[in-house]
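The values are calculated or read from the model by the stated rules, or taken from the named source; none is laboratory data. Computed from a predicted model, the values in this text were never measured in an experiment. Cβ placement follows ideal geometry from the backbone for every residue including glycine, while neighbour counts extend to all protein chains displayed. Side chains are part of the model used for accessible areas, which takes the heavy atoms of the whole protein and leaves out ligands, DNA and RNA. Shrake-Rupley method; radii C 1.70, N 1.55, O 1.52, S 1.80 Å.
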Amino acid sequence: MRRLEKIYQRRIPPKEIVTQDFARLMTELSHEIGRQIGVLVNRRGQIEYVIVGDAKKIELPDFKRVRAGEERFRGLRCLHTHLYNEPLTQDDLTDLALLRLDLMAAIEVDSKTGLPGLVKAAHLMPIDESDDLLANSQNSNWAFLDPRPPYELTEDFLVLIESLEEEFARRSASQKKMAGKDGAILVGVTTDGLAEAQDSMDELKELARSSGIVILDSILQRRHELDPKYLIGKGKLEEVVIRSMRLGANMIVFDKDLSPAQVRLINEATDLKIIDRSQLILDIFAQQAATSEGKIQVELAQLKYLLPRLTGKGTEMSRLMGGIGGRGPGETKLEVDRRRVRERIKMLEQQLDKIRTARQARRAKRTRKGLPVISIVGYTNAGKSTLLNTLTNSDVLAEERMFATLDPRSRLLRLPRLQEVVINDTVGFIRDLPETLLAAFKATLEEMEDSDLLVHLVDAANPRYLNQIASVEKILLELELNNLPRILVFNKCDLVAVKEVENLCRLHNAIAIVASQKQSLEALLEKIDQQLGKLSLSSNSLLNDSSSDVGIIFSDMIN
C-alpha cells in the first residue's frame, strides 16, 4: 500500500512520456505482487489514477464516453506494466480509442529482476485524405511508436499531442462543412452470399442519400449467424465506433432492422445515433409527406415502430430518435409513455378509417360511371410519376429520389380508341418494406384493389432490376393483388443499349419506353387498349355465363 502511495506522490515532467525512475517504480512493484499496475497521468504530469489489475490486464475506470467527432483528447495517458513482454493488446487499443486517451503505453517487466524493459506505445491517428474509407482498415486507427527503453523516449509529449489535436480539429472542421447534415457509417451484415448483401447495401446508400445523410464509410460483415445482442458482434461494433471517431460520424445506420433489446445494448456501447433500415425508410416518408393523409400515415407507422422500443431512458431515446429517423408529424411524441402512444395510434387509425370511407365513396362514384382503372406500380424511383405526367399532361412531383410519391394521384386518360380511363400513380415499393409502413399505407394501397389493370414499371438501367421485379411481385402477393392483370414495362431505355433493350423485352414479354418522351409511349397505350378490350370481352362473357347458371338454378328450385 505504501508503494502505491509513492506512485500517487510522484510526478512525471509534462514533456516526457515516462521517466526511467517512474517506470522502475511501477515494474518492481508489479513484479513483486505478480499483477499489472497502471496509472493515468494528466498533461501536467500528475498521477490521477492508480489501477491494480491481474496478471494479464487492468480495468480502466468507467469514464463518461467522449462525444463522437470530438477533436480533443481526454488529457490523460495510460501507462501500465506487462508481465509477459506481450505487445499492446486489442483491449489496450480499444480503450485508447473509446476513452480517447492521449496515449496508451505498456512497460515490459523483466521476469528475473523486475526492472523495466521496452516501452510499447500507441496513439490515435486522424483520417488521411488518401485513406480508402470503404476499406475499413483497422490498423490505420492508431500509430505505434518504436519500442524503446524508457530513457530513450525522447519525444516531446506535449508537442506530439498538440499537433495530433490540431490535425483532428482540421479534419473535423472539414466534416462540419456538411452544412448541419448527419454523417453516418453504414453497416451491413449477412449470413448468406455477399453479392446479394452488397446489393442491399447499395440500396441502403441510395436511401441514406435520399434522407439527406452524408455517407462517410460503409462496412459489410459476413457471419455464420447474427449476434443476438449487437447484430454484428461487440468487437466489430467497437471497430465501427472507433472508425466513427476518426471520421467525425455521429450516426450508425444498420441495413437490417434492430430488435428493441439490440437498440438498448448498442446505445449502452456508444453515444452515436443508432438507425436501422425501417427507421431510415420512415424518415424519408416523413420528409416527403405533404398532405394531411400522408402525414397521418407516417406518424402512425412511426408510433407503431416505436411502441415496443419505448423502454429506454431519457438520452437513450433521444439518441435513438433525434433527427434522421425521428422527424415528422409525431416527433414531439416519441418519448411519451406507452399508454399515450396507444391512444394516439387509436386516434390516427380512426382518422384513416374516415379517409378509407371517403376513398371508397369516390371509387364507387367512378365505378358507376363505368371508367376502367389503371394503376402504375413499381419499385421506388422507377419513374411512375414521370409516366403519369407525360400520359396526362400533369405536373405531379417527379424527382430522381426514393419515395418522391407518397399520396396517390388519379388522372383521366383518353386512350387511342377514345376510351377514357382513370390512371393512378402509387407509392413506390422496396425490398423488406417495413410491416408498420405497409399497414399504415393500407388506405393508400387500397386504390389498387379496384384496378382493372396494373402497369408494372421497371427501371431498365438499374443493374438490380430482376431483384426489384421480384420485390414488387412479392409485395403484390402480400397485398393479395397478384391476380390482377398487368403489363410489364421497362423504363429509362434511353440509358441502355438498343440490343439489350430488345433482349429484355423479348425475354420478359415487356414493352420498352422512356417515360419522359411522349412519342415512346404509343406501344404502351396500344397494349393498354388491347388489354382493357380483352377484359371487357371476358367480363361480358362471364356475366352471360353467370346469368345462365343463375337461371338454371332458379328454374330447378321452382320445379
Accessible area, probe 1.4 Å, largest first, for residues ASP95, ASP459, ASP395:
ASP395, ASP95, ASP459
Put CYS505, CYS78 in order of accessible area, largest first, probe 1.4 Å, and you get CYS505, CYS78
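Using 1/(1 + (r/R0)^6) with R0 = 45 angstrom and r between the beta carbons of ARG342 and GLN46, what's the FRET efficiency to the nearest 0.05? Working shown, then result.
Values: r = 55 Å, r/R0 = 1.22.
That pair, ARG342 with GLN46, gives E of 0.25.
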Linear extension gain, ALA523 paired with ARG223, 0.36 nm per residue minus alpha-carbon span:
103.2 nm
Site ARG10, offset 7 angstrom along Cα→Cβ, radius 13 Å on amide nitrogen, limited to segment 86-115, gives 107-108, 115
Extension gain from ALA169 to ARG148, taking 0.36 nm per residue of separation minus the Cα-Cα distance
4.6 nm
In this structure, the FRET efficiency calculated for LEU466 and LYS534 from their beta-carbon separation, with R0 = 22 Å, to the nearest 0.05, is 0.20
For the residue pair ASP54 and ALA497, what label-to-label distance in nm results when each label sits 7 Å from Cα along the Cα-to-beta-carbon direction?
6.4
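Between ASP192 and ASP257, what's the calculated FRET efficiency when r is the beta-carbon distance and R0 is 25 Å? Round to 0.05. Could you put the intermediate results ahead of the total?
Working: r = 16 Å, r/R0 = 0.66.
Given R0 = 25 Å and the Cβ-Cβ separation, E is 0.95.
Could you rank MET125, MET201 by how accessible they are, 1.4 Å probe, largest area first?
Details: MET125 65, MET201 0 Å².
Accessible-area ranking of MET125, MET201, largest first: MET125, MET201.
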